[in-house]
Amino acid sequence: LLRDAMGEHLMSEVPQGAYLSGGVDSSLITALMAETAAHPVKTFCSTFPGGGAFDESRYARTVASKLGTEHTEVPCKPEHLALLPKVLWSLEEPLA
């Protein structure tokens, strides 16, 4: 069912991208995308320099490497907190 759903969502002539945290959910979705996409999947993750255990970017990097995605890491900085209201508004849906 997941494979079928992913195939339907990937019907596009433009490259597809995914937020990859390295956790089970985002890794599975990215793996299915990489399996069915016509173009290399672009993956993105947030890094938290100095965040210790809160920075899971090493897991995302490992998954991206195994799946052969075009991976981009975006470091989060304290000044980015000011952008949070605009980011949440742009999502147009609840996010935990």
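The values are calculated or read from the model by the stated rules, or taken from the named source; none is laboratory data. This is a predicted model, so every value here is computed, not measured. No Cβ is skipped: glycine too gets one built from the backbone with ideal geometry, and neighbour counts run over all protein chains shown. Ligands, DNA and RNA are excluded from the accessible area calculation, which covers all protein heavy atoms including side chains. Shrake-Rupley method; radii C 1.70, N 1.55, O 1.52, S 1.80 Å.
At 7 Å along the Cα-to-beta-carbon direction for both residue 74 and residue 9, put a label point, then send me their distance in nm to one decimal.
1.8 nm
I want to verify a result. In a Gaussian network model of the chain, Cα cutoff 10 Å, which of these has the top mean-square fluctuation: 71, 39, 80?
Checking each option, the largest mean-square fluctuation is seen for 80.
Just how large is the dipole of region 9-96 about the Cα centre, in debye to the nearest 20, putting +1 at every Lys and Arg Cβ and -1 at every Asp and Glu Cβ? Please report the intermediate quantities before stating the final value.
Working: 6 positive and 10 negative charges, 47 e Å.
That gives region 9-96 a dipole magnitude of about 220 debye.
Could you look at region 1-84 and say what percent of its accessible area is carbon and sulfur, using a 1.4 Å probe and all protein chains?
Numbers: 3560 of 5790 Å².
It is 61 percent, rounded to a whole number.
Once you put a point 7 Å from the Cα of residue 1 and another 7 Å from the Cα of residue 90, both along the Cβ direction, what distance in nm separates them?
Here the modelled spin labels are 3.3 nm apart.
Suppose all protein chains stay in the model; what accessible area per residue would a 1.4 Å probe give for region 2-64, in Å²?
Ligands and nucleic acids excluded, the figure is 63 Å² per residue.
Can you order the peptides 81-94, 18-31, 51-64, 1-14 by their average number of other Cβ atoms within 10 Å per residue, highest first?
Numbers: 81-94: 8.4, 18-31: 17.2, 51-64: 15.5, 1-14: 10.4.
Taking the mean over residues of other Cβ atoms within 10 Å, the ranking is 18-31, 51-64, 1-14, 81-94.
Lys/Arg Cβ at +1, Asp/Glu Cβ at -1, dipole of the chain taken about the Cα centre: which of 36, 21, 59 is farthest positive-ward?
59
At residue 81 and residue 24, where each label point lies 7 Å from the Cα along Cα→Cβ, what is the point-to-point distance in nanometres?
The answer from the label model is 3.2 nm.
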